[in-house]
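One structure coming up, written as structure tokens, with questions to follow.
Every read-out reported here was derived from the displayed coordinates using simple, explicitly stated rules and does not represent laboratory data. Given the structure is predicted, the values throughout are model-derived calculations rather than measurements. Using ideal geometry, Cβ is built from the backbone for each residue, glycine included, and neighbour counts are taken over all protein chains shown.
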Amino acid sequence: MEASFFDDDIPRLVPRLPDLTLADIPVEIGLFPLFGSLLLPKGRLPLNVFEPRYIALIEDALADQRLIGIIQPFNELDDEADEAEGLPPLFDVGCLGRISSFSERVDGTFAVTLTGIARFRYLRESEGRRGYRVARIDVSAYAGDLSEVPSAPFDRGQLLTSLKDYFTVRGLGVRWEVIDQMGDDALLVALPMICPFPSSEKQALLEAVSLTERARVLQSLLDLPGPFPDAAGPS
């Protein structure tokens with residue numbers, strides 16, 4: 001009998017995304033520090049990978065479990081300062097991403113999409129590999145990220161009204177028909193990732209303990225006053 005592509009008798013080397021458990025998460029992970037970027041569990045983050053050390057990270061991840069750690073440094077990275085001053089400090093919490101699609105270009109660089117798996121706590125630095133940083137991590141506090149835990153009801157109308165005000169004042173565009181079609185929980189993954197919040201505010205969204213708490217943090221950030229473009233233009 002011809003085997004199916006989905007034949008359960010053929011074991012997978014890498015579990016399907018819905019089948020991942022804590023036992024599948026390594027204790028050490030290669031890091032991709034990204035200032036001002038946010039990956040959330042079940043979110044999708046496109047990356048343009050061209051630095052040799054991060055090309056090496058992608059190659060090693062593809063040869064293993066396809067997992068890398070996205071984590072923010074405290075400050076925007078500068079490669080020359082990096083070498084002169086040592087490794088820049090990182091926040092305590094990041095998010096594991098699995099390479100769910102990739103394309104290698106003729107010049108050897110990669111276009112990669114990561115799917116968020118679970119948040120992790122950064123414990124300590126390990127010995128680097130092939131130019132990229134490696135850390136020992138702990139995912140146990142965020143085991144709920146691996147399962148479907150819906151948010152408590154929140155005021156979706158108020159959230160979207162605040163979002164429209166936020167984008168309008170900043171002169172930003174968004175496809176509202178796509179936003180309107182999203183379920184509540186998908187909304188709480190997509191909006192924090194696409195809104196141009198400062199680095200510290202993105203970190204607060206990442207570290208919110210639940211989707212319900214994330215909805216509260218997101219609403220408060222959208223309603224914060226801040227420096228807006230001068231609608232009247234220069235005088």
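Just one of (1) -0.28, -0.44, -1.19; (2) -0.27, -0.44, -1.32; (3) -0.23, -0.38, -1.23 is log10 I(q)/I(0) by the Debye sum over Cα atoms at q = 0.07, 0.09, 0.17 Å⁻¹ calculated from these coordinates, so which is it?
Identified label for the calculated read-out: (2).
Let me ask you something else. Which cross-chain or sequence-distant (5 or more) residues have an amide H under 5 Å from the amide H of Phe91, H modelled 1.01 Å from N in plane?
Gln72, Phe74
Cα centroid distance between region 179-223 and region 82-137, in Å?
So the two Cα centres are separated by 22 Å.
What list of ³J(HN,Hα) values in whole Hz, one per residue of region 90-101 in order, does the Karplus curve 6.51 cos²θ - 1.76 cosθ + 1.60 (θ = phi - 60°) give from phi, with Gly and Pro shown as x?
10, 5, 7, 10, x, 9, 6, x, 9, 5, 9, 7
For Cα pairs less than 8 Å apart in space and 6+ apart in sequence, what is the mean separation divided by the residue count of the chain, i.e. the relative contact order in percent?
22
Return the sequence-ordered ³J(HN,Hα) values of region 34-40 in whole Hz as given by the Karplus equation 6.51 cos²θ - 1.76 cosθ + 1.60 applied to θ = phi - 60°, using x for Gly and Pro.
9, 6, x, 10, 9, 10, 10
Against the longest alpha carbon principal axis of the chain, how many degrees, from 0 to 90 and to the nearest 10, is the axis of helix 156-169 turned?
80
Can you tally the net charge around Ser100? Count Lys and Arg as +1, Asp and Glu as -1, for every other residue whose Cβ sits under 9 Å from the Cβ of Ser100.
Around Ser100, the charge tally is +3.
Now for a different question. Under the classification rounded if a/c is under 1.5, otherwise prolate if a/b is larger than b/c and oblate if not, where does region 111-232 fall, given a ≥ b ≥ c as square roots of the Cα gyration tensor eigenvalues?
Values: a/c = 2.12, a/b = 1.54, b/c = 1.37.
Note, shape of region 111-232 comes out prolate.
Between Glu177 and Glu213, what FRET efficiency comes out of the Förster formula 1/(1 + (r/R0)^6) with R0 = 41 Å and r the beta carbon distance, rounded to 0.05?
That gives a FRET efficiency of 0.90.
Let me ask you something else. What FRET efficiency, computed as 1/(1 + (r/R0)^6) with R0 = 25 Å and r the Cβ-Cβ distance, is obtained for Ser126 and Ala23, rounded to the nearest 0.05?
0.80
Something else now. Please report the net charge: other residues with Cβ closer than 14 Å to the Cβ of Ser140, K and R +1, D and E -1.
0
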